[in-house]
1. How far is helix 63-82 tilted, in degrees, relative to the longest principal axis of the Cα atoms in the chain, given as a value from 0 to 90 rounded to the nearest 10?
2. Note down the relative contact order for segment 2-115 as a percent, whole number, built from C-alpha pairs under 8 angstrom at least six residues apart.
3. With labels modelled as points extended 7 Å from the Cα through the Cβ direction, what inter-label distance (nm, one decimal) is found for residue 97 paired with residue 4?
4. How far is helix 2-29 tilted, in degrees, relative to the longest principal axis of the Cα atoms in the chain, given as a value from 0 to 90 rounded to the nearest 10?
5. So, in nm, how far is label residue 84 from label residue 29 when the simple model puts each one 7 Å beyond its Cα toward the Cβ?
6. Per residue and in Å³, how big is the convex hull formed by the alpha-carbon atoms of the chain?
7. I'd like to compare 91-98, 103-110: which one has the highest average count of other Cβ atoms within 10 Å, and what's the full order after that?
8. Take the Cα of residue 17, step 7 Å along the line toward its Cβ, and report every residue of segment 34-77 whose backbone nitrogen sits under 20 Å from that point.
Amino acid sequence: MPATFSFTRVFVRLVGLALTLLGVVIMATQNLALVPVYATVAVALMIGVWTLALLAARAGVHAGFVVLIVILGLAGVVVSLTGEWVLYVLAGVGSLAGSEDLALRIERCRLVRAAN
C-alpha cells in the first residue's frame, strides 16, 4: 500500500497543477479547443482523489471525512455540468485540499500502527 499511496498522492498533485495551469490558459486565451483536454484531466483528478479516499478508508481514516471528500468530488462533477465556474473552482480546490488532508491522515494512521 505505501507504493500505491505515494503514487496516488503525487499523481493528484501533478494532475491538480496541470488542471490549474490548463484552466488559466483556457480563461486567458479563450481557446475552447482545450476544453475537452481540460475535462479529461479533471476526470483523472477526481479518479485520483477518489482513489486516495479509498486508500484512506483502508488505512483507518475516519469514515465521515472520507465520505466528505468523496461528496466534494461529486459536487465538482455536478457543478461542472451547470456552468457555474466559480463554484466549480471552489469544489476543485476543496477536493485538492481535502486530498492533501487525507494523505496526512493516512500517514498519521500508518505511524500510529507502526508505533504499536
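1. On a 0 to 90 degree scale, this one is about 10.
2. For segment 2-115, the relative contact order is 29 percent.
3. A separation of 2.9 nm, rounded to one decimal place.
4. 20
5. Label-label distance for residue 84 and residue 29, simple model: 3.0 nm.
6. 84
7. Final packing ranking: 91-98, 103-110.
8. Those under the cut-off are 38-50, 52.
Only the coordinates and a few stated rules stand behind these numbers; no lab work does. The structure displayed is predicted, hence computed values, not measured ones. In this analysis, Cβ positions are derived from the backbone assuming ideal geometry, glycine residues included, and neighbour counts consider all displayed protein chains.
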